[in-house]
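The values are calculated or read from the model by the stated rules, or taken from the named source; none is laboratory data. All values derive from a computational prediction rather than experimental measurement. Positions of Cβ are generated from backbone atoms using ideal geometry, with glycine treated the same way; all protein chains shown enter the neighbour counts.
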Amino acid sequence: MQITVVGTGYVGLVGGACLAEIGHNVTCVDKDANKVQTLLNGGLPIYEPGLDEVVPRNVASGRLNFTTDLPSAVRSAEAVYIAVGTPPGADGGADLSAVEAVAAGIADAIESYTVVIVKSTVPVGTCDRVHEIISSRTETPFAVVSNPEFLREGVAVPDFLDPDRIVIGVPSDQAREVLERINAPLIEKGAQLFVMDVRSSELTKYASNSMLATRISFMNEIARLCDQVGADVEHVRAGMGSDSRIGPAFLRAGVGYGGSCFPKDVQALLKTASNSGVELQVLDAVERANAMQKHYLVDRLLSELGSSLSGKRIALWGLSFKPDTDDMRQAPSLTIVKRLVEAGATVVVTDPVSEHTASVELDSNAIFMSDPYGAVEGADALVLVTEWKQYRDPDWARVASLMRGDRVYDGRNLYTREEVTSAGLHYAGVGRGH
C-alpha cells in the first residue's frame, strides 16, 4: 500500500521505517527541513537500536522516502498516519496543536477516500476532533481511525515487527479493512488484532501506560518500606512476581520512571478524568510517589555524606531514562544531578550514547566523561542511575582503587551487596536494607 506518515519523531520514524520493512511504500513527512535532509543523507535524528539498519535498507529499496511536502505525500496515499508529538500543556493535558494542524493539512490535500490513522498518543475524543476538522474543510470521503502505539524505547523496532497486540478503533468496516490490509504481515505472524470503537482504543493506550507506572511506583514504595524494616525488596519482588496473578514485569524498584510516555500519559489521563468529573485517586498517588522516588537515593546520600557536599566529587553512571536510548525526557538523572549540584558537589557523569541530549538538559551543571572508570577517579561516591549493559559487571577492585571515597549507590539494584563490599566499598541499594 501507499502510506504517508506525518512526523519523523520517535513514533513516526520507527513506524514509517517498519511499515516499509513489511512491504509498504512509505513517505515520511516532517516540517523540519534539516531533519529530513539528515534522513535523506543516511543519518538518524534519534538513537534507537535497529533503526540504523532498517532505515537505510528501505531507503535503498525505494520503499521509504522523506519529504517536507505534506500535500503531495497525502494526495498519493491510501492511508495517512498522524504521528506528531503531544507534549504536556500548561494544565497537564496533552497539547494537541500539532495534531490539529496536521488534520487541517490532510483535509486540504486529500482527493479520494483516505483513512487517517491517529498514531500519536491522544486523549479520548481526539479522533472526533480530527474528524471535525477534516470534515469542515473538505467533502472528500475519509475515515479517522485510532491505532495507538505500544513501542518501548530501546526495543521499538522488534516491538513493531513482532507485536504482542495491535489495537485499532474504527468507525466503519471499510476503515477496518484498510487497517487489516496494512497490518496483514504482522497478523499472519501471530500478532493479536483487537478491533473496538475509537474512544475505547484511545483510552487503551493511556490505561496501559498508567498501569505500568502504577506497578513501578507501588514497588518503589515497598522498597522504601523495606529499607525501614530490614527487608530486601529483591526477595519480595521474586516472591510477588512468582504469583501468576501478578507476574514479574515492571516490579523492579529504582529511582523512579521517566521518559516521553509514562509521565506525560499519567498526567494526561488525570486531566481527562478531571475534565470528566472523575477522581483517579490511585493514579494521583502514582504521580506523587514517582516524584518522591527521584529524590530518594539523593536523600540517603546526603544523610550519609552530609547536607553540604562542597569539595565532594560525585560520579553518575547513566543519564538516559532507561538503557538503549538517548532520551532524557523526565529522566531521574536530571533531578539527581540538580540536587547534588545544589548541595555543592562537583558532578561527573557518563552515558554510552546520550551526551548530546544530556548536555542540553544539564547545561553546565555536570562534567561529562566517556569512560566510566575515568568518571569515578577521585570520586567520593558513585551513583548508578541507568542500568546500561556496560555497567553490569565492573571491575570493583579497579573502581575502589580509583575512588577517593567508598560509597556506591545502586539506583537500579543492579549489583549484589557482596560483590561491592568485597572490594572494600560500602553498598546502598533501593530497598536492600542498610
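Surrounded by fewer than 21 Cβ atoms within 10 Å (Cβ to Cβ) and either aromatic (Phe, Trp, Tyr) or over 23 Å from the mean Cα position of the chain (by Cα) (or both) - does that describe any residue in the range 349-359?
Here is the first cut: in the range 349-359, the ones surrounded by fewer than 21 Cβ atoms within 10 Å (Cβ to Cβ) are 352-353, 355-357, 359.
Narrowing further to those that are either aromatic (Phe, Trp, Tyr) or over 23 Å from the mean Cα position of the chain (by Cα) (or both): none.
No, there is no match, as no residue in the range 349-359 is surrounded by fewer than 21 Cβ atoms within 10 Å (Cβ to Cβ) and either aromatic (Phe, Trp, Tyr) or over 23 Å from the mean Cα position of the chain (by Cα) (or both).
Tyr47 passes all but one of (1) buried (at least 23 other Cβ atoms within 10 Å of the Cβ); (2) over 24 Å from Cys127 (Cβ atoms); which number fails?
(1)
Taking the condition part of a helix (DSSP H, G or I), touching a residue at least 24 places away in the same chain (Cβ under 8 Å) and over 27 Å from Arg176 (Cβ atoms), does Leu39 pass?
Details: part of a helix (DSSP H, G or I): yes; touching a residue at least 24 places away in the same chain (Cβ under 8 Å): yes; over 27 Å from Arg176 (Cβ atoms): yes.
Considered against the rule, which asks whether it is part of a helix (DSSP H, G or I), touching a residue at least 24 places away in the same chain (Cβ under 8 Å) and over 27 Å from Arg176 (Cβ atoms), Leu39 comes out as yes.
In the list Gly50, Gly23, Gly7, which residue meets the criterion of being closer than 23 Å to Glu202 by Cα, in the same structural domain as Gln174 (by TED's automatic domain parsing) and in contact (Cβ under 8 Å) with a residue 12 or more places away in the chain? Explain how you work it out, then say what you get.
Numbers: Gly50 fails: closer than 23 Å to Glu202 by Cα; Gly23 fails: closer than 23 Å to Glu202 by Cα.
Of the residues listed, the single one that is closer than 23 Å to Glu202 by Cα, in the same structural domain as Gln174 (by TED's automatic domain parsing) and in contact (Cβ under 8 Å) with a residue 12 or more places away in the chain is Gly7.
Kindly provide the set of residues from the range 369-387 that are assigned to a helix (DSSP H, G or I) and touching a residue at least 40 places away in the same chain (Cβ under 8 Å), ordered by number.
To start, the set of residues in the range 369-387 that are assigned to a helix (DSSP H, G or I) comprises 372-376.
Hits for the range 369-387 are Pro372, Ala375, Val376.
Looking only at the range 319-349, which residues are among the basic types (Lys, Arg) and part of a loop (DSSP other than H, G, I, E, B)?
Narrowing the range 319-349 to residues among the basic types (Lys, Arg): 322, 329, 338-339.
Correct list: Lys322, Arg329.
Can Ser364 be described as assigned to a loop (DSSP other than H, G, I, E, B) and either more than 19 Å from Val255 (Cβ to Cβ) or of a type outside the set (Val, Ile, Thr) (or both)?
Working: assigned to a loop (DSSP other than H, G, I, E, B): yes; either more than 19 Å from Val255 (Cβ to Cβ) or of a type outside the set (Val, Ile, Thr) (or both): yes.
Criteria met by Ser364.
Return yes when Asn58 is among the polar types (S, T, N, Q), in contact with a helix residue (DSSP H, G or I) (Cβ under 9 Å, 6 or more places away or on another chain) and not in a loop (DSSP other than H, G, I, E, B) and no when it is not.
Working: among the polar types (S, T, N, Q): yes; in contact with a helix residue (DSSP H, G or I) (Cβ under 9 Å, 6 or more places away or on another chain): yes; not in a loop (DSSP other than H, G, I, E, B): yes.
Taking the combined requirement at face value, the residue satisfies it.
Please find, among Val74, Val80, Val84, the residue that is at pLDDT 95 or above, in contact with a Gly (Cβ under 6 Å, 6 or more places away or on another chain) and in the same structural domain as Asn147 (by TED's automatic domain parsing).
On the way: Val74 fails: in contact with a Gly (Cβ under 6 Å, 6 or more places away or on another chain); Val80 fails: in contact with a Gly (Cβ under 6 Å, 6 or more places away or on another chain).
Of the residues listed, the single one that is at pLDDT 95 or above, in contact with a Gly (Cβ under 6 Å, 6 or more places away or on another chain) and in the same structural domain as Asn147 (by TED's automatic domain parsing) is Val84.
How many residues does the range 388-434 contain that are touching a Gly at 6+ places or on another chain (Cβ under 7 Å), surrounded by 20 or more Cβ atoms within 10 Å (Cβ to Cβ) and in a loop (DSSP other than H, G, I, E, B)? Quick ask: steps written out before the conclusion?
As a first pass, look at the range 388-434 and keep what is touching a Gly at 6+ places or on another chain (Cβ under 7 Å): 388, 391, 400, 404, 406, 410-413, 430, 433.
Narrowing the set further to residues that are surrounded by 20 or more Cβ atoms within 10 Å (Cβ to Cβ) leaves 388, 391, 410-413, 430.
Keeping just the survivors that are in a loop (DSSP other than H, G, I, E, B) gives 388, 411-413, 430.
Residues in the range 388-434 being touching a Gly at 6+ places or on another chain (Cβ under 7 Å), surrounded by 20 or more Cβ atoms within 10 Å (Cβ to Cβ) and in a loop (DSSP other than H, G, I, E, B): 5 in total.
Is at least one residue of the range 120-131 of a type in the set (A, V, I, L, M), at negative phi, in the same structural domain as Val74 (by TED's automatic domain parsing) and over 19 Å from the mean Cα position of the chain (by Cα)? Outline the logic, then answer.
Of the range 120-131, the ones of a type in the set (A, V, I, L, M) are 122, 124, 130.
Subsequent filtering for residues that are at negative phi retains 122, 124, 130.
The next check asks that each one be in the same structural domain as Val74 (by TED's automatic domain parsing); those that pass are 122, 124, 130.
Then drop every residue that is not over 19 Å from the mean Cα position of the chain (by Cα), which leaves 124, 130.
Yes - at least one qualifying residue is present in the range 120-131.
Quick check, is Ala94 modelled with pLDDT under 95, surrounded by 18 or more Cβ atoms within 10 Å (Cβ to Cβ) and not assigned by TED's automatic domain parsing to the domain that holds Asp324? Spell out how you get there, then give the answer.
Values: modelled with pLDDT under 95: yes; surrounded by 18 or more Cβ atoms within 10 Å (Cβ to Cβ): yes; not assigned by TED's automatic domain parsing to the domain that holds Asp324: yes.
Judged against the criteria, Ala94 is a match.
Considering each of Ile246, Ile222 in turn, give the residue that is assigned to a loop (DSSP other than H, G, I, E, B), surrounded by fewer than 20 Cβ atoms within 10 Å (Cβ to Cβ) and more than 17 Å from the chain's Cα centre (by Cα).
Details: Ile222 fails: assigned to a loop (DSSP other than H, G, I, E, B).
Only one candidate qualifies: Ile246.
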